[in-house]
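The values are calculated or read from the model by the stated rules, or taken from the named source; none is laboratory data. As the structure is a computational prediction, the values presented were derived from the model and not from experiment. All Cβ positions, even for glycine, are placed from backbone atoms using ideal geometry, and neighbour counts span all protein chains on display.
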Amino acid sequence: MPPRVRRPAAAPDPSGSWSRIYAVVRRIPAGRVATYGQVAALAGLPRHARLAGYALAGLPDGTPLPWHRVINAAGQVSARREGPGGAVLQRLRLEQEGVRFDARGRVDLETFGWRPRRRS
DNA sequence: ATGCTGACTATGT
DNA sequence: TACATAGCCAGCA
């Protein structure tokens, strides 16, 4: 049995944790990246890095959210269980915004990491 | 209610 | 540098 994709119902619970995650993701500027843990913390959910990834995994295709700007703490695009497609698209979008990847496929967070100055 | 999973992270070796 | 492990906890069956 292939793992089922958990997707939020067509309309994610507006008052749920996922919405908090999405609200933060929306603030990440183009050309910058944030880590899952960072997004969760900014959403008021420290230690919920996995939830951040979980929430993004459930996004329907075409969602107007810069989900591609969220990567893991190692500076890499996280692999999906469903296949490399999404990860490849993510990297392409980031490079399109000017984010550079090194030979190992990592982004220098010191250079491209988003540093929000308390809300904004 | 219980058990399992995961687009994670910090830590140890 | 890389790999293994434990901790994390919201959803879903």
If you go through A:GLY44, A:GLY58, the only one that is within 11 Å of DNA strand B (Cβ to nearest atom), under 20 Å from A:GLY16 (Cα atoms) and without any contact (Cβ under 8 Å) to a residue 60 or more places away in the chain is A:GLY58
Just a yes or no: is a residue in the range A:40-63 crowded, with 20+ Cβ neighbours inside 10 Å and among the β-branched types (Val, Ile, Thr)? no
Scanning the range A:61-107 for residues that are basic (Lys, Arg) and in contact (Cβ under 8 Å) with a residue 60 or more places away in the chain gives A:ARG81
Checked the range A:29-67 for anything under 9 Å from the mean Cα position of the chain (by Cα) and part of a loop (DSSP other than H, G, I, E, B); matches are A:PRO66
Kindly establish whether A:ALA43 is in contact with a helix residue (DSSP H, G or I) (Cβ under 8 Å, 6 or more places away or on another chain), within 16 Å of DNA strand C (Cβ to nearest atom) and of a type in the set (A, V, I, L, M). yes
Q. Can we say A:LEU94 is outside any strand (DSSP E or B), modelled with pLDDT of 95 or more and touching a helix residue (DSSP H, G or I) at 6+ places or on another chain (Cβ under 7 Å)?
A. yes
Of A:ARG106, A:ARG118, A:ARG100, the only residue that is more than 11 Å from DNA strand B (Cβ to nearest atom), of a type outside the set (Asp, Glu) and closer than 21 Å to A:ALA41 by Cβ is A:ARG118
Quick count over the range A:1-39, residues being farther than 20 Å from A:SER78 by Cα, at pLDDT 50 or above and surrounded by 18 or more Cβ atoms within 10 Å (Cβ to Cβ), is 2
